[in-house]
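What follows draws every value from the coordinates through simple rules; no lab data is involved. Everything numeric in this text was worked out from a predicted model, so none of it was measured. Every residue, glycine among them, receives a Cβ derived from its backbone with ideal geometry; neighbour counts consider all protein chains shown.
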Amino acid sequence: MGSPFFSIIIPAYNVADFIRGTISAILSQSFTDWELIIADDASTDSTPEILDSFRHDERIKILLSDKNSGNPFIPRKKASDVASGQYIVIVDADDLIDSTLLARIFEAIMNEKADLVIPEMWRFSDSVDESFYILPKKEFDSSKLYRGKELVKFTLNGWTIPMAGFGVRREIYKEAYLRIQKSESDSIHADELLSRHLLILSQRVRFIDSKYFYRLNRNSVTGDPARLIRSGISTNRSLIKLCEAEFGKNSEEYNRALLQKTLFLLSSVLLLKNSGLPRNEKNSLIRAIESERLSTDISPVKDLISFPYRLIWRLPYKLEEQAMTLISLIKHK
């Protein structure tokens, strides 16, 4: 038996309510030359038992961990290390895919020699019958063949394009992982940094109108405010360094990354205020936000920030918190 064309990678952690549906969506694909590698990240629910029930299918490989890594980046890396397909397809354990997704990715690869193929993203909560379109944004021209590097700007300060359910050449995926530092891989946003590296490394990128269904999961690890803030700070810092190295400090990409970091630090003030965290942890996060703010020169993007937020940026944390709260109340009236 030769190597499959696709290696589908799914990181899994406590997804007993969803994983059967995700696997079923893959088993239902019209294109059948694939292997499925599921890396369970030490689940504490019945996920491992559910995965065991699929071991009879020789196309499905189950990888189990004794210790939870804390984010999907590391189990994805473990799965990619044993992947044998020419292309890797990334699917999350609580999401679903259209039955034609693999066939449409394969078609784009054959017709365009694409390194990276990106489907549409649709969001749903309980049923895909109630899903709605999210990305790419309608103003984006998804009919063109792109160089990946020119797409990076569309992922900064808001996502204009999706980076989920994509198929990417295996060599590119492995190279992108090598570019992530150990300190960066611990972040819950590490996958977002990986996405930019994938784009930079891909010479030919094609968008297709097959659907990737993203589930709105309220139990996601990104609901942890402390981890969200710390990871956001470190990942935004890494993105700015990446954009400076790849595009230069005077580039649109650098300015977009800087603006994204600035707005994240401002929004973190409200997130922290409403977090309910213990005082010691909250104070530690306040110091982290303040330190990052003091070391950030926003002069290249100050004209892109509204006057109230430019003013708030200069305030001590306590006054900044009060001002952000007041603006939030006004906006919601």
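Which links in Lys211/Lys249; Lys149/Lys282; Lys174/Lys211 stretch past 30 Å when you go from one Cα to the other?
Lys211/Lys249; Lys149/Lys282
Pairs on different chains or at least eight residues apart, Cα atoms closer than 22 Å: how many lysine pairs in segment 1-148 fit?
5
Once segment 267-333 is represented by equal point scatterers at the alpha-carbon sites, with solvent omitted, what log10 I(q)/I(0) does the Debye formula produce at q = 0.16 Å⁻¹?
Normalising to I(0) and taking log10 leaves -0.59.
What are the equivalent ellipsoid semi-axes of segment 132-181, built from the alpha-carbon gyration tensor (square roots of five times its eigenvalues), in whole angstrom, biggest first?
Whole-Å semi-axes of the equivalent ellipsoid: 22, 13, 12.
Please report, in whole Å³, the volume per residue of the convex hull around the C-alpha atoms of segment 182-333.
166
How compact and how long is segment 1-156, expressed as Rg and Dmax of its alpha-carbon atoms in Å?
Answer for segment 1-156, Rg first and Dmax second: 16.3, 46 Å.
Going toward the positive end of the dipole of the chain, with +1 on Lys and Arg Cβ and -1 on Asp and Glu Cβ, which of Pro225, Leu304, Ile172 do you reach last?
It is Leu304.
Segment 1-75: percent of C-alpha pairs farther apart than 18 Å?
37
May I ask what percent, to the nearest 5, of DSSP beta bridges between residues of the chain are antiparallel?
About 30 percent, rounded to the nearest 5.
Report the FRET efficiency, 1/(1 + (r/R0)^6), for His56 and Lys137, where r is their Cβ-Cβ distance and R0 is 45 Å, rounded to 0.05.
E between His56 and Lys137, to the nearest 0.05, is 0.60.
What is the spread of the Cα atoms of the chain along each of their three principal axes, largest first, in whole Å?
Principal-axis extents of the Cα atoms in the chain, largest first: 64, 43, 39 Å.
Looking at the P(r) of segment 167-235, how many percent of alpha-carbon pairs lie beyond 20 Å?
Roughly 44 percent, rounded to a whole number.
Angle, helix 279-294 long axis vs. longest principal axis of the chain, Cα atoms, 0 to 90°, nearest 10?
80
List the chymotrypsin sites (Phe, Trp or Tyr not before Pro) within segment 22-105 that fall in a DSSP loop (any state other than H, G, I, E or B) and whose Cβ has at most 14 other Cβ atoms within 10 Å.
Those that pass, being in a loop and sparsely packed, number zero.
How large is the translational diffusion coefficient of segment 64-177 in µm² per second when you combine the Kirkwood radius over alpha carbon pairs with Stokes-Einstein at 37 °C and 0.692 mPa s?
Answer from the Stokes-Einstein relation: 208 µm²/s.
Below 8 Å between Cα atoms, with a sequence gap of 6+, how large is the relative contact order for segment 232-333 in percent?
27
Any chance you could check the Cα centroid distance between segment 232-310 and segment 95-158 for me, in angstrom?
28
Would you mind listing how long segment 142-263 runs along its three principal axes, going by Cα atoms, in whole Å with the largest first?
39, 37, 27
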